Amino acid sequence: MEAHRIGVISDTHGLLRPEVTEILKSCELILHAGDVGQAEILRQLEEVAPVYAVRGNADQNQTGHLPPERELELFGFRIFMIHNREEIRRIPEGTDVVISGHSHKYEESSRDHIFYLNPGSCGPKRFWVKPAMMVLTLYPEQHRMETEKIDLASAGRAECASAGQGSKAEGTDRVFAGPEADRGENALPYQDMHELVKKIMKQADAGKTVAQIAERNHVDRDFAEQVCRMYLTHPGVDVEGILDRIVRRQSDRGK
């Protein structure tokens, strides 16, 4: 039976884990759903297999040349790639698969005979989102596909240590973000963290103090101060930029 293995990754943000490279060596092609981070990542991937990538919101300078969307026909399957699924304006007629990233959350779903796939993030560990990737196997004769989620949470701990796990501290209702916090049942999902940072930015614009912001949002004061400092000292920075800076700082501490 004819079968084709395709490595699907996203949100490397400048980090190509050795275990990701090893898995990709078993694939014919690599699809990268954006936020590559550095041109060197593309070069390393191209040494493994042909690469098709799209531009993410964090792709500037070295990777800003990547297209925002791609339409591919691979082994009889029509594939549409975009970094942020929420930014889809139209889906080309006859599309079998839509591949996106951005959320850092692994997802598989289907609607109107189209499969929607998100491999999650296989780059630096961001807060408590588990790094992951996907292997997509296409069977042209039956025109069917299989997906395999590969959990990278236990791998690459040297890079991942202190990358921002979070939980509610016992006996409080205050959310902590930092290398000292353990992942727990009450940990916020990534999208909630995104909304939290957005709220802090708005409250800083409104002239609220760090203490007021920490109290209003039930967060650790050090975390509120860190977000406010990055926001106020980096004009034009967005939520993604702040989250990326926090992750990089926490990763550096763990080295």
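The values are calculated or read from the model by the stated rules, or taken from the named source; none is laboratory data. These numbers come from a predicted model, not from an experiment. Glycine gets a Cβ as well: all are built from the backbone with ideal geometry, and neighbour counts include every protein chain shown. What goes into the accessible areas is simple: the full protein's heavy atoms, side chains included, and nothing from ligands, DNA or RNA. Shrake-Rupley method; radii C 1.70, N 1.55, O 1.52, S 1.80 Å.
Selection of the stretch 66-75 for residues being open to solvent by less than 60 Å² (accessible area, probe 1.4 Å), in a loop (DSSP other than H, G, I, E, B) and touching a strand residue (DSSP E or B) at 6+ places or on another chain (Cβ under 7 Å) yields only Leu66.
Listed here are the residues, each with its yes/no results for (1) at pLDDT below 95; (2) open to solvent by 50 Å² or more (accessible area, probe 1.4 Å).
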residue	(1), (2)
Lys25	no, yes
Ile30	no, no
Gly37	yes, no
Tyr52	no, yes
Gly64	yes, no
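Could you check, for the stretch 218-227, whether at least one of its residues is touching a residue at least 40 places away in the same chain (Cβ under 8 Å) and part of a loop (DSSP other than H, G, I, E, B)?
Applying the first criterion (touching a residue at least 40 places away in the same chain (Cβ under 8 Å)) to the stretch 218-227 yields 218-220, 222-223.
Next, only the ones that are part of a loop (DSSP other than H, G, I, E, B) stay: 218, 220.
Yes, the conditions are met somewhere in the stretch 218-227.
The stretch 77-123 holds strands (runs of 3 or more DSSP E) entirely within its bounds, and those carrying 1 or more residues that are free of Cβ contacts under 8 Å to residues at least 12 places away in the same chain map to 106-111.
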